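A short worksheet on the structure shown next.
The values are calculated or read from the model by the stated rules, or taken from the named source; none is laboratory data. Every value quoted in this text rests on a predicted model; they were computed, and no experiment measured them. As a convention, Cβ positions derive from the backbone with ideal geometry for all residues, glycine included, and neighbour counts pool all protein chains shown. SASA here: full protein model, heavy atoms, side chains in, ligands and nucleic acids out. Shrake-Rupley method; radii C 1.70, N 1.55, O 1.52, S 1.80 Å.
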Amino acid sequence: MASLTDPDALVAERRSGPEEIAPPAVRLSAVTRVFGVAPALVRADLRVERGEVLLVRGPNGAGKSTLLRVIATALSPTYGSGSVLGFDLVTGREEIRRRIELLGHRTRLYEDLTAKENLRFACTMYGLDPGEVDPVLRRVGLAGAAGERVRGYSQGMRQRVAVARALLRTPELLLLDEPYAGLDEAGKDVVDVAILAARAEGRTAVLATHDRTRGSMATRTVFMDGGRLLPELGAAEVR
Amino acid sequence: MTLLGQTVAVAGKDLRIEARGRYALGAVLPFAGTLLVAFGLSLGPGRTLLQQTAPGLLWLAVLFASILAFRQAYQAEGEDGAIEGLLLSPIDKAAVFLGKAAAVTLELLVMEAAVVPIVAAMFALSLGDAPLVLVGAFVLGTIGLAAVGSLFGVLVESPRAREAVFPLLILPLATPVLVAGVKATELAATGRGGQAGSWLSLLVAFDLVVLGVGTLVFGHLLED
């Protein structure tokens, strides 16, 4: 705990350490992210409370992926500030990374490893029990193909492996960027079950998807266009 | 998990990918072999000239081949965004650097084990006069090259970088390895291995500096 007589230490603690009273899962303040000269995210203000399932909708190029990758600390904000689970987006990113899982439309798999080897490597990286790999692969319906190289998988199978990797952990914040892409209905149901389980356990999820048939479990919906978060709509307007 | 355990896991993963695909060795071995045969034929049958040029040509082949190996080491990370998985994982990012350097070192040593005897036969290079110096020069030089390549190879996967900058970064930094490797090899091949101590020391110092700097800065290079 920083000394009350040392304002610098107090500021430093506030910037990098957990906030004292139930910090929101996500708090962004005027966050802008620029690639070259093109802004992909423009002055985004967002607050996501713990236990919420936030649905982010918007057309291609709206900035949904950039928003999720900034929250995941895969991208740094060019301007603005924010915190995730009480940790600063820049100075507390290692703490954030231990507590979140990003399931993106790139599956982040090694093509020449099998599904099982990919998940075992993920277990090593996160210090998890590799004994969980087989049950998780069964859960996503890939037990039969677990020993085959990912290079020969369809996009749907790859996405299932990525979903299985996300299921290995119980992150406090689940970030899902088009998680239904390439999945059949059964695969989409696996994703929905994971989100519902997170919600039931009081964990937080942010879901970005085009799929209008999915996302009914969301507690709130926000829209994006042109890199901007639009004013929130009520449930009737969303329908 | 300790830094060593994470390093072994990253190196093991890279070597498994290489063993499955033989991407690096499949490109590197024919490249190095062709380069050396072409040099040998262009220099003609003069035994003295061949012997004199062999160490330099051998190390040039190793250097150019290593650039292919470095590129391959990061290709698997870029194919489906796997490098972002490493970035977001809670491991010590230095383990990624050290693991990749270890894997590339082993791959290059396998390549050298195949190429050096061919060069010895073609260029009448003596391998038996100071074998320990020769092995030391290649092991130390290869560690140095692998460390430089693993440090800057990550920039190729960066959205801000261009692939063309990779050799521009690597080649000047690899010059001390090239010079020390050539001199130590030359001394070993001409029966003067006892005089190679200073060159081997230079290689040790280079390896320690690059491995140390890489361990410290790699995480920053990996970040957005």
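Among residues of the stretch A:210-229 that are under 13 Å from A:ILE195 (Cβ atoms), those with a beta-carbon under 7 Å from a residue that is at pLDDT 85 or above and surrounded by fewer than 16 Cβ atoms within 10 Å (Cβ to Cβ) at least six positions away or on a different chain give the pairs A:MET217/A:LEU196. Counted as qualifying within the stretch B:1-106 are the helices (runs of 4 or more DSSP H) with 2 or more residues that are away from chain A (no Cβ under 14 Å) and either of a type in the set (Asp, Glu) or under 30 Å from B:ALA188 (Cα atoms) (or both), namely B:23-43, B:47-78.
Inside the stretch B:54-70, residues that are surrounded by fewer than 19 Cβ atoms within 10 Å (Cβ to Cβ) and more than 13 Å from the chain's Cα centre (by Cα) make up a count of 1.
Residue by residue, here is whether (1) part of a helix (DSSP H, G or I); (2) more than 24 Å from B:TYR74 (Cβ to Cβ); (3) open to solvent by 20 Å² or more (accessible area, probe 1.4 Å) holds:
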{"position": "B:LEU125", "(1), (2), (3)": "no, yes, no"}
{"position": "B:PHE138", "(1), (2), (3)": "yes, no, no"}
{"position": "B:GLY141", "(1), (2), (3)": "yes, no, no"}
{"position": "B:PRO167", "(1), (2), (3)": "yes, no, yes"}
{"position": "B:LEU173", "(1), (2), (3)": "yes, no, yes"}
{"position": "B:ALA188", "(1), (2), (3)": "yes, yes, no"}
{"position": "B:LEU203", "(1), (2), (3)": "yes, yes, no"}
{"position": "B:VAL213", "(1), (2), (3)": "yes, no, yes"}
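Would you confirm, using the coordinates I've provided, whether B:ALA73 is open to solvent by 10 Å² or more (accessible area, probe 1.4 Å) and touching a residue at least 12 places away in the same chain (Cβ under 8 Å)?
yes
For the stretch A:31-75, filtering for residues that are over 15 Å from A:ALA208 (Cα atoms), part of a loop (DSSP other than H, G, I, E, B) and charged (D, E, K, R) leaves 2. Just to verify a result, which residue in the stretch A:33-42, among those that are in contact with a Lys or Arg (Cβ under 8 Å, 6 or more places away or on another chain) and farther than 29 Å from A:GLY202 by Cα, is most open to solvent (accessible area, probe 1.4 Å)? Result: A:PRO39. Within the stretch A:182-205, the residues that satisfy the criterion of being over 19 Å from A:THR219 (Cβ atoms) and either part of a strand (DSSP E or B) or without any contact (Cβ under 8 Å) to a residue 40 or more places away in the chain (or both) are A:GLY182, A:LEU183, A:ASP184, A:GLU185, A:LYS188, A:ASP189.
Evaluate the following for A:ARG169: is it more than 12 Å from every other protein chain (Cβ to nearest Cβ) and under 19 Å from the mean Cα position of the chain (by Cα)? No: the conditions fail for A:ARG169. Within the stretch A:154-181, residues that are aromatic (Phe, Trp, Tyr) sit with their Cβ atoms under 7 Å from residues that are open to solvent by less than 10 Å² (accessible area, probe 1.4 Å), at 6+ positions apart or across chains, in these pairs: A:TYR180/A:VAL191; A:TYR180/A:THR209.
Would you call A:ALA44 at pLDDT 90 or above and more than 10 Å from chain B (Cβ to nearest Cβ)? Against the criterion (at pLDDT 90 or above and more than 10 Å from chain B (Cβ to nearest Cβ)), A:ALA44 qualifies. Which one of these is modelled with pLDDT under 90, under 16 Å from the mean Cα position of the chain (by Cα) and open to solvent by 40 Å² or more (accessible area, probe 1.4 Å): A:ALA235, A:ALA181? Result of the check over A:ALA235, A:ALA181: A:ALA181.
Taking the criterion of being open to solvent by 10 Å² or more (accessible area, probe 1.4 Å) and either within 18 Å of A:ILE195 (Cα to Cα) or not charged (D, E, K, R) (or both), the residues of the stretch A:47-62 that qualify are A:GLU49, A:ARG50, A:GLY51, A:GLU52, A:ARG57, A:GLY58, A:PRO59, A:ASN60, A:GLY61. Considering every residue within the stretch A:115-123, establish whether at least one is out of contact with any Phe, Trp or Tyr (no Cβ under 8 Å at 6 or more places or on another chain) and under 20 Å from A:ILE96 (Cα atoms). Yes: one or more hits.
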